[in-house]
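Peer 1: There's a structure below that I have some questions on.
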Amino acid sequence: MSETGSAKFKCEQVPIEISRFAGFAELNRYRRKLLALGMIGVDASGVGFGNLSIRDGATAQFYITGSATGRIPELMPADYARVVAYDFARNWLQCEGSTIASSESLTHAAVYESDPTARAVIHCHDLKLWAALLDKAPTTPKRVEYGTPEMAYAVRRLFEGTDVEKRKIFVMAAHDGGLVTFGRNLKDAFGILRRPIAG
């Protein structure tokens, strides 16, 4: 699903119940902070934006906020999906849970795949910070839309050709306000958004 509610990837959903998982409380704590700052949520048209994820232990799998959950003040375990497999070339992913994984799941997967030390990813929106960092921080091409295999490949290329692994932040040029940060935990990923802008 995309943030506008239309499918952007093929999702094979395994409808099993997700119980409280390691990192659930931390995910909700940082989600509340981002909601309070207006960096995730629902826009004036009722369209949700922003998502968070954490890696599931030492695996390539991860828990991510479900599609269309931006309007929910406090998420329950059922509002998260566990991404267990994906394939960029097929624009496909498999997730577990009672909700569909966020439209940005392939982007999160590309970060986890490219940086084995990354254990948390935040995709949020801040027009002021986005404008200040556009083409100054690692930036995906303007032709690449969010939530697509092309975005996942663009993220891979950032890791291959820029200092994104060191800076832990990149800008989505075609997604007004769209930023992605990552780190060893959500505290680190969130801290990158709060530090002074540095070139």
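Peer 1: Report whether or not Arg31 is in contact with a strand residue (DSSP E or B) (Cβ under 8 Å, 6 or more places away or on another chain), basic (Lys, Arg) and within 25 Å of Asp176 (Cβ to Cβ).
Peer 2: Spelling it out, Arg31 is indeed in contact with a strand residue (DSSP E or B) (Cβ under 8 Å, 6 or more places away or on another chain), basic (Lys, Arg) and within 25 Å of Asp176 (Cβ to Cβ).
Peer 1: Out of all the residues in the range 23-41, is one or more hydroxyl-bearing (Ser, Thr, Tyr) and farther than 15 Å from Ala189 by Cβ? Even if it seems obvious, please write down each step before you answer.
Peer 2: Keep residues of the range 23-41 that are hydroxyl-bearing (Ser, Thr, Tyr), which gives 30.
Pick out the ones that are also farther than 15 Å from Ala189 by Cβ and you get none.
No, because not a single residue in the range 23-41 is hydroxyl-bearing (Ser, Thr, Tyr) and farther than 15 Å from Ala189 by Cβ.
Peer 1: Which of the residues spanning the range 38-58 are open to solvent by less than 50 Å² (accessible area, probe 1.4 Å) and more than 27 Å from Phe88 (Cβ to Cβ)?
Peer 2: Gly38, Gly41
Peer 1: What number of residues in the range 114-145 are in contact (Cβ under 8 Å) with a residue 24 or more places away in the chain and more than 19 Å from Phe62 (Cα to Cα)?
Peer 2: Number satisfying all stated conditions: 19.
Peer 1: Here is a check on your reading of the model: is Val171 without any contact (Cβ under 8 Å) to a residue 60 or more places away in the chain and not in a strand (DSSP E or B)?
Peer 2: So Val171 fails the test.
Peer 1: What are the residue pairs meeting all of these: first residue in the range 58-87, first residue modelled with pLDDT under 95, second residue open to solvent by 50 Å² or more (accessible area, probe 1.4 Å), Cβ atoms under 6 Å, and 6 or more apart or on different chains?
Peer 2: Going by the 6 Å Cβ cut-off, the qualifying pairs are Ser67/Met1; Gly70/Val42; Arg71/Val42.
Peer 1: Within the range 90-137, can you find the residues that are touching a Lys or Arg at 6+ places or on another chain (Cβ under 8 Å), in a loop (DSSP other than H, G, I, E, B) and open to solvent by less than 10 Å² (accessible area, probe 1.4 Å)?
Peer 2: Result: Gly97, Ser103, Ala118, Ala137.
Peer 1: So, one more: Is at least one residue of the range 59-78 among the hydroxyl-bearing types (Ser, Thr, Tyr) and open to solvent by 40 Å² or more (accessible area, probe 1.4 Å)?
Peer 2: Within the range 59-78, one or more residues are among the hydroxyl-bearing types (Ser, Thr, Tyr) and open to solvent by 40 Å² or more (accessible area, probe 1.4 Å).
Peer 1: Let me ask another. Does the range 48-70 hold any residues that are of a type outside the set (Val, Ile, Thr) and either more than 21 Å from Leu179 (Cβ to Cβ) or in contact with a Cys (Cβ under 7 Å, 6 or more places away or on another chain) (or both), and which are they?
Peer 2: Gly50, Asp56, Gly57, Ala58, Ala60, Gln61
Peer 1: Could you please find all residues in the range 19-37 being within 20 Å of Arg71 (Cα to Cα), of a type outside the set (D, E, K, R) and surrounded by 13 or more Cβ atoms within 10 Å (Cβ to Cβ)?
Peer 2: Within the range 19-37, Phe24, Leu27, Asn28, Tyr30, Leu34, Leu35, Leu37 qualify.
The values are calculated or read from the model by the stated rules, or taken from the named source; none is laboratory data. As the structure is a computational prediction, the values presented were derived from the model and not from experiment. As a convention, Cβ positions derive from the backbone with ideal geometry for all residues, glycine included, and neighbour counts pool all protein chains shown. The protein model used for the area step is the full one, side chains on, heavy atoms only, and it has no ligands, DNA or RNA in it. Shrake-Rupley method; radii C 1.70, N 1.55, O 1.52, S 1.80 Å.
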